[in-house]
1. For the chain, what is the percent of antiparallel DSSP beta bridges, rounded to the nearest 5?
2. Which whole-number percentage describes the relative contact order of the chain, with Cα contacts under 8 Å and a sequence gap of 6 or more?
3. Compute the Rg/Rh shape ratio of the stretch 1-94: radius of gyration over Kirkwood radius, all on alpha-carbon atoms.
4. Quick check: residue separation of residue 39 and residue 110 times 0.36 nm, minus the Cα distance between them. What number comes out in nm?
5. Determine the distance separating the Cα centre of the stretch 14-31 from the Cα centre of the stretch 43-84; give it in Å without decimals.
6. What 222 nm value per residue comes from the helices of the chain, counting each DSSP H run with n ≥ 4 as -39,500 (n - 2.57) and dividing by all residues, nearest 500 deg cm²/dmol?
7. Once you place label points 7 Å from the Cα toward the Cβ at residue 26 and residue 86, how far apart are they in nm?
8. For residue 12 and residue 71, what is the calculated FRET efficiency with R₀ set at 35 Å and r taken between the beta-carbons, to the nearest 0.05?
């Protein structure tokens, strides 16, 4: 799904679910697919937070707005601890901000890592 499932007129979604992958359902193979992709393709969940690069991570938010409430939902699925640590130390992780009135958004970050 290139869009969130609750905006699809063919689906009846009352409570949208947003999910990131963990270390036990890591996207693998030529197409970097995981079990959550099956649920996402069926329109049952919104899978986000995957990183396709091992060099740099740009984390884009999913922007949700209802009335005057604005949430910028960031997600980062499981990445091996050593690699993610090196990327943070080398300043290769970027959190992208909303372009419009960025101070009006409440930021929420979902991350899956080991302790």
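We did not get these values from a lab; they are worked out from the coordinates using the rules stated. In this text, all values refer to a predicted model and were calculated from it rather than measured experimentally. Positions of Cβ are generated from backbone atoms using ideal geometry, with glycine treated the same way; all protein chains shown enter the neighbour counts.
1. Numbers: 6 of 17 bridges.
That works out to approximately 35 percent antiparallel.
2. 26 percent
3. Numbers: Rg = 14.8 Å, Rh = 14.7 Å.
The Rg/Rh ratio comes out at 1.01.
4. That works out to 23.7 nm of additional length.
5. A separation of 11 Å, based on Cα centres.
6. Helix-only estimate at 222 nm: -3500 deg cm²/dmol.
7. 1.4 nm
8. The calculated FRET efficiency here is 0.95.
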